[in-house]
Amino acid sequence: MTKLPLSTVTSVLFSSLLLVVLAGCSKAEPVPVSECKSVVAHAKRILGDKAPSSSEMLKQCKAATDEARGCVLAADKPMKLLDCDF
């Protein structure tokens, strides 16, 4: 059995880690403004009693980009919502 040099092993590990990180940071599918009611309902489920009023969230949703709305729908925890430009 041949021993691989440490630099080769390190490179392979780093490349693998980079692929995992990039896959985890992939962007969510864009969501059109017509889906704002669904986006707001999802955000309210995630935030629970800490959620702003539905009317305020609907206003924010309509002003957001398609990508930001997609980010909100992809979030499954309150902290992930902070990553969204909503």
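The values are calculated or read from the model by the stated rules, or taken from the named source; none is laboratory data. Note that the structure is a prediction, hence the values are computed from the model and not measured. Backbone-built Cβ (ideal geometry, glycine too); neighbour counts: all protein chains shown.
Checking each residue in region 33-45 for being free of Cβ contacts under 8 Å to residues at least 24 places away in the same chain and surrounded by fewer than 19 Cβ atoms within 10 Å (Cβ to Cβ) picks out Ser34, Lys37, Ala41, Lys44, Arg45. Of all positions in region 12-22, none carries a residue that is under 15 Å from the mean Cα position of the chain (by Cα) and either at pLDDT 95 or above or part of a loop (DSSP other than H, G, I, E, B) (or both). Contact map, region 46-72: residues that are under 13 Å from Pro32 (Cα atoms) paired with residues that are among the aliphatic types (A, V, I, L, M) and at pLDDT below 95, Cβ distance under 6 Å, separation 6+ or inter-chain. Pairs shown: Gly70/Ala28; Cys71/Ala28. Among the residues making up region 40-66, those that are over 11 Å from Phe86 (Cα atoms) and either small (Gly, Ala, Ser) or in contact with a Lys or Arg (Cβ under 8 Å, 6 or more places away or on another chain) (or both) are Ala41, Ile46, Gly48, Ala51, Ser53, Ser54, Ser55.
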